[in-house]
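Below you'll find the structure, written out as C-alpha cells, and then a few comments.
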Amino acid sequence: MKNSKDQKIKGTNDQKDNHSEPKRGHPLDEKVEEQEEQIDYKDKYLRALADYQNLVKRTQVEKEEFYKYAHESFIEKLIPVLDHLERAEKHTQDIGIDLIYKELRKIVEDLGLERIHIKETDEFNPAYMECIEAEQNGNKLVETRTGYRFKGKVLRPVQVKVVAS
C-alpha cells in the first residue's frame, strides 16, 4: 500500500514538474526569431532615418523659397508707387521726382524686380500679358500698363491693347 501511495505522489509530482517548466523551442528557432526582430528594428530605424532626412531636405527647400520671396509682398505694394512716380516724371520736369523715381527703381531692381518689356511686333502671350482691348485683325501690341516680374515670377502682367496696324 505504501508503494502505491508513493507512486501516486510521485506521479503527481512528475506531472506538476512537466507543466510548471516553460517549454523551450529549438535554439535555432530562437536565433531566427532574434534575427528577424533585429531586421525589423533595423528596418524601422532606416525608415525613421529616411523620414528625418526628407524632413531636413524639405525644410531647407522651404527656407530657401521663403528667403527667395521674402520681399515679394513688400515689392508688390511698391509697384503702384513706381507707377505714380513714373507718370509724375513724364508729366513734370521736377529733378527731385526724377531722382526719387530712379533711386526707388534701382532699389527694387537690386532686390529682384524686373520690368516686363514688350515690342509692338510681339505676339500676345497670356503668361505675362493681359489684354484689355482687342481690335479685329489686330496684330500690333500697345502697352497700357507696365508689367513686372519678381525673380522670374510674374507679379503683375503687362496690360496691352491689340490693335490693327
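Here, each number is a calculation from the coordinates, and none is a lab measurement. In this text, all values refer to a predicted model and were calculated from it rather than measured experimentally.
Shape call for the range 72-163 from the C-alpha gyration tensor, a ≥ b ≥ c root eigenvalues: rounded (a/c under 1.5), prolate (a/b greater than b/c) or oblate?
Taking the square roots of the gyration eigenvalues as a ≥ b ≥ c, the range 72-163 is oblate.
So for the range 72-163, averaging the separation of alpha carbon pairs under 8 Å that are six or more residues apart and normalising by length, what relative contact order in percent results?
Averaging sequence separation for qualifying contacts and normalising by length gives 26 percent for the range 72-163.
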Phi to ³J(HN,Hα) by Karplus 6.51 cos²θ - 1.76 cosθ + 1.60 over the range 71-85, Hz, x for Gly, Pro: 8, 4, 5, 5, 5, 4, 6, 7, 4, x, 5, 4, 4, 5, 5
Cross-link pairs beyond the 29 Å C-alpha cut-off, checked among K42/K63; K63/K119; K57/K153: K42/K63; K63/K119
Exceeding the 23 Å Cα-Cα cut-off - candidates K90/K151; K106/K151; K102/K151: K90/K151
Beta bridge orientation in the range 72-163: antiparallel %, DSSP, nearest 5: 70
